[in-house]
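Structure first, commentary second.
Just so it is clear, none of the values below were taken in a lab; they were calculated from the coordinates. Just so you know, these numbers come straight off a predicted model, no measurement behind them. Quick reminder, even Gly has a Cβ in these numbers, built from the backbone with ideal geometry, and neighbours come from all protein chains shown.
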There are 2 protein chains.
Amino acid sequence: MLTIGAMARKTGTKVQTIRYYEQIGLMPEPGRTEGGQRRYGDAELDRLSFVRHARQLGFSLDAIRELLNLSDNPGTSCAEADAIARRQLKQVEQRLSRLEALRTELERMVHECSGGRTADCRVLEVLRDHSECLTEHDEVGL
Amino acid sequence: MLTIGAMARKTGTKVQTIRYYEQIGLMPEPGRTEGGQRRYGDAELDRLSFVRHARQLGFSLDAIRELLNLSDNPGTSCAEADAIARRQLKQVEQRLSRLEALRTELERMVHECSGGRTADCRVLEVLRDHSECLTEHDEVGL
DNA sequence: CTTGAAGCTATAGCTGCTAGAGGTCGTACA
DNA sequence: TGTACGACCTCTAGCAGCTATAGCTTCAAG
């Protein structure tokens, strides 16, 4: 039987975060000692690992909830899990291309700065005048 | 004289967001009509454009506050603005490499899914067992 | 003079945690 | 058996950066 602290150590999660997952229904309510402290078994450890791993891959808590449901019903088609993963991949790709545009723009800003006075600082100038941008970059969004 | 709605349209900002920027001191308190409605001039429009553009480039509101201060004092050295931009560039580069690792991992998950039952869905399997990952991907962080 | 869009304030909510206060439990050691 | 002390408990508030709602007032066109 694992304490919440042991769970936290094994999964690299903060104790508070585990309690938060319980609160929002991602983790089940565990058993308690007589004094009211949580005690976990291996199933809960696996579930928490699943959640953490999915978070590291950038899945939202809502997506993870769905994935957990699918994982709990092993007979159903995996098409849905696949769809969720594809959606996530698409998002990551979109973010990547936006970030690449930003990198280009920032590099240009930084390389053109000659180190003089702010009056003619290229960094500030570019920020002042959007038309100087080579790329479109509307919304960074995560 | 521009209404808040006109400002919003011209800069692609929500009206509420402009009021929010005023509240946190990023935008100055504008003049008002007798009835209490905000009226803006060109200086405010420029400032808001600056803020929005910097946001699109991923700068935090705190960084923008600093950049605005520098922009307001044209005599000072632009070294600081340069430093802020470089910091931002570094962050973007870090995010890029993390996202690239995620993309690789997600692609692998998705490509290996054969479309069967969730019992042996590769997507769920990978999530269950972190050791199957080829790359390290601790923390996505924005 | 009326109508309706656009403005106003104030407050709460979103995601995904994280931190703090103030108190209780569990266990190892003397 | 007592006690010390770390780990646990609940509850609440806070972070970024907005966004949305409710309930009201103002502005400008017809």
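Have a look at B:Glu100, B:Glu66, B:Glu112 and tell me which one the Gaussian network model of chain B (Cα, springs below 10 Å) gives the largest fluctuation.
Result for chain B, Cα springs under 10 Å: B:Glu112 fluctuates most.
Using only Cα atoms, what Kirkwood radius does the protein assembly as shown have, in angstroms?
Kirkwood radius, the protein assembly as shown: 22.1 Å.
Largest first, please: the extent of the C-alpha atoms of the range A:64-112 along each principal axis, to the nearest Å.
Computed over the Cα atoms, the extents are 59, 15, 8 Å.
One decimal, nm, shortest first: give the distances between the label point of B:Gly12 and those of the same position in the other copies, each label point 7 Å from Cα along Cα→Cβ.
Relative to the other copies, B:Gly12 has label-point distances of 3.6 nm.
Straight-line reach from B:Lys90: which lysines have Cα under 26 Å away, leaving out those fewer than 8 places along the same chain?
A:Lys90
Over all distinct alpha-carbon pairs, what is the Kirkwood Rh of the range B:4-72 in angstrom?
Roughly 12.3 Å, rounded to one decimal.
Along the Cα-to-Cβ line of B:Arg108, 7 Å from the Cα, sits a label point; which residues in the range A:74-113 have backbone N less than 18 Å from it?
The answer is A:82, A:85-86, A:88-90, A:92-93.
Once every Cα of the range B:1-122 carries one equal point scatterer and solvent is ignored, give the base-10 log of I(q)/I(0) from the Debye formula at q = 0.14 Å⁻¹, two decimals.
Summing over Cα pairs of the range B:1-122 leads to -0.73.
Is it possible to state the helix-based mean residue ellipticity at 222 nm for the protein assembly as shown, with each DSSP H run of 4+ residues giving -39500 (n - 2.57), the sum divided by total residues, to the nearest 500 deg cm²/dmol? What is it?
Using -39500 (n - 2.57) per qualifying helix, the result is -19500 deg cm²/dmol.
Tell me which residues come under 5 Å, amide H to amide H, from B:Arg117 once H is placed; ignore anything under 5 positions away on its chain.
A:Cys78
Using +1 on the beta carbon of Lys and Arg, -1 on that of Asp and Glu, and nothing else charged, what's the dipole of the protein assembly as shown about the Cα centre, debye to 20?
Here the size comes out at about 580 debye.
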